[in-house]
Amino acid sequence: MIERHIKTQLVDRLAHSPAVALLGPRQVGKTTLAQEVGEARPSLYLDLESEADRAKLTEPELYLSAHEGKLVILDEVHRVPELFRLLRGLIDRGRRKGLRAGRFLLLGSASMDLLAQSSESLAGRISYLEMGPVDALEIAGPDVERLWIRGGFPDSYLAGSDRSSQRWRQDFIRTYLERDIPTMGPRIPAETLRRFWTMLAHHQSGLLNASEFARSLGVTSQTVANYLDLLVDLLLVRRLAPWHSNGAKRLVKSPRVYVRDSGLVHTLLGLTDREAVLGHPVAGASWEGFVIESLVAAAPEGTEAYFYRTSAGAEIDLLLRHPDGRLWVFEVKRSLSPKVERGFHSACEDLSPDRRILIYPGSETFPLGNGIEVMSLSAAAHALGQGNDR
């Protein structure tokens, strides 16, 4: 078992908000976590993909009112969108009775429907929490390499062999393409979306060029934008925004795109084990994406993530602006004897960051000069996590 640090955050949110939405891809462990939290208090669990559980909500107001003193866990809540307006009334009625927190825990595999519906009906009554795959803050140092190769979905990471891990990821991708996405509304041919997803894996960490993808797929740039929006909304792809400022520098304006789970990157490209990954050109970009996901997950709530690139070649892989305004910058390398290029130094001169960190696959922490600290991913994630409410 893996102890998820997000559990502390979830318990805290439930102590202060009447409703909490826990969002994350399928199979990331939301249901397991919710049921663990539910075991510590009176609770009711309903899986809204189950016909039997949906039948219990034929008269939802009557049914849920009968469980007023419990934490009601509604899994895959976007399956029953009409519930949101009802939940608003139940929360407001409960507040008048002194029931102000820990009423509903809503689980969703996609942000698009859930966020739109809940923000419309539950504004001021709901707290959002994203649960990603397992990250470097949750895994001991020597096992980070395996986490990178297999990805952070618990069943993939904990599989008995690389082959069974790969098979799990293949089934995960197929299920999303053939069952989950069609039931969520979009009517996109599974093979077309698979090709696009695979192209993104090949393009890992690259600048978005919708026209290039459109030519390869034989569709319009707007269709590519729609496909990308879908995968971002499903929390499967990250669109990392470029740093923006009012200075005189000419900054790149296109976002960078990453398939968020490194294990899915490797499976989409047919890479079955560590040797196959290390022998493929995507290895460096895959490592970079893996590091970025772990650092973003470890950062304090409210931290903003960007990359920096100018037309003159100044570049930084990741900027994290803390809620208090501090700016930490990160360069990511796959080498055990890492060096930084002139572009990183130029970017630091532009930005004057509070901390400069170079991530590498080794285990020691040491200074590199010019204020740069070389760290393992685990050490950097823990440095970010200090003071975080995780």
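Read-outs throughout are calculated quantities, based only on the coordinates presented, and are distinct from any laboratory measurement. Quick caveat: nothing in here was measured; it's all calculated off a predicted structure. Cβ sites come from the backbone with ideal geometry, for glycine too, and all protein chains shown count toward neighbours.
Worth a mention:
- Considering only Ser205, Ser165, Ser363, the mean-square fluctuation computed in a Gaussian network model of the chain, springs between alpha carbons under 10 angstrom, is largest for Ser363.
- Label zone (Asn226, point 7 Å along Cα-to-C-beta; backbone nitrogen cut-off 11 Å) within the range 145-186: 186.
- Degrees between helix 190-202 axis and first principal axis of the chain (Cα, 0 to 90, nearest 10): 40
- Computed extension gain for Ala276 through Val252, at 0.36 nm per residue and net of the alpha carbon distance, reaches 5.4 nm.
- Restricting the calculation to Cα atoms, the chain yields a radius of gyration followed by a Dmax of 21.8, 67 Å.
- Of the GluC sites (Glu not before Pro) found in the range 287-386, those in coil by DSSP whose Cβ has at most 14 other Cβ atoms within 10 Å are Glu301, Glu341, Glu364.
- Between 0 and 90°, nearest 10: helix 283-298 axis offset from the chain longest Cα axis: 50
- Inter-part distance where the range 275-353 and the range 55-101 are each reduced to a Cα centre, Å: 43
- Expressed as a fraction of 2.2 N^0.38 Å, the value expected for a compact globular protein of N residues, the C-alpha radius of gyration of the range 195-327 is 1.10.
- Between helix 83-96 and the chain there is an angle of about 70 degrees, using the helix long axis and the longest principal axis of the Cα atoms.
- Cross-link pairs beyond the 25 Å C-alpha cut-off, checked among Lys30/Lys70; Lys30/Lys333; Lys30/Lys56; Lys253/Lys339: Lys30/Lys333; Lys253/Lys339
- Using the Stokes-Einstein relation with a Kirkwood hydrodynamic radius computed over Cα pairs, the translational diffusion coefficient of the range 147-223 at 37 °C and a viscosity of 0.692 mPa s comes to 231 µm²/s.
- Overall Cα dimensions of the range 10-122 - principal axes, largest extent first, Å: 36, 29, 27
- Difference of contour (0.36 nm per residue) and Cα-Cα distance, Arg187 to Leu62: 41.5 nm
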